[in-house]
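> Take this structure first; my questions come after.
The values are calculated or read from the model by the stated rules, or taken from the named source; none is laboratory data. Quick caveat, the model's predicted, so the values are computed rather than measured. Here the Cβ is made from the backbone with ideal geometry for all residues, glycine too, and neighbour counts use every protein chain on show.
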Amino acid sequence: MPFVGLAQFFCRDVPGLASGPDGADLVQLFCCPFTHGPYLEREYHLRWRRAEETERAERLLADPPQVPLLRGEDELPEPCVVHPEEVDTYPWAEQDYCPPH
């Protein structure tokens with residue numbers, strides 16, 4: 001049974017995203033289509049790849065594999081695009097303030 005693809009991020013597109021093992025620059029997130037355990041948890045799988053190897057792949061799937069065992073259509077992710085940006089965060093002023101005793 002194929003895992004459901006949820007997201008993929010290229011290091012070149014995400015500011016601050018460190019490269020993975022062995023120079024991998026593409027990270028993909030997959031989800032198992034089954035629920036597990038007494039609380040029906042989802043299991044996720046993170047996979048690092050080299051973008052140049054996936055972009056030069058001789059055999060690409062035109063259509064993603066069907067996942068017939070999901071309970072409903074609402075369990076499939078909707079295609080979307082994310083626009084990551086680098087953000088500076090600063091501590092709250094109250095955290096640095098020490099009132100006199």
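> Does the range 44-89 hold any residues that are farther than 19 Å from Q8 by Cα and at pLDDT 80 or above, and which are they?
Residues satisfying the conditions are V87, D88, T89.
> Hey, another quick one. Return the residue satisfying two criteria in turn: it lies in the range 13-50 and is over 15 Å from the mean Cα position of the chain (by Cα) and not in a loop (DSSP other than H, G, I, E, B), and of such residues it is surrounded by the most Cβ atoms within 10 Å (Cβ to Cβ).
So, considering only residues that are over 15 Å from the mean Cα position of the chain (by Cα) and not in a loop (DSSP other than H, G, I, E, B), the one surrounded by the most Cβ atoms within 10 Å (Cβ to Cβ) is P33.
> Report every pair of residues separated by at least 6 positions or lying on different chains whose Cβ atoms are under 9 Å apart, first residue within the range 13-40 and within 18 Å of P2 (Cα to Cα), second modelled with pLDDT of 90 or more and small (G, A, S).
Pairs found: V27/G20.
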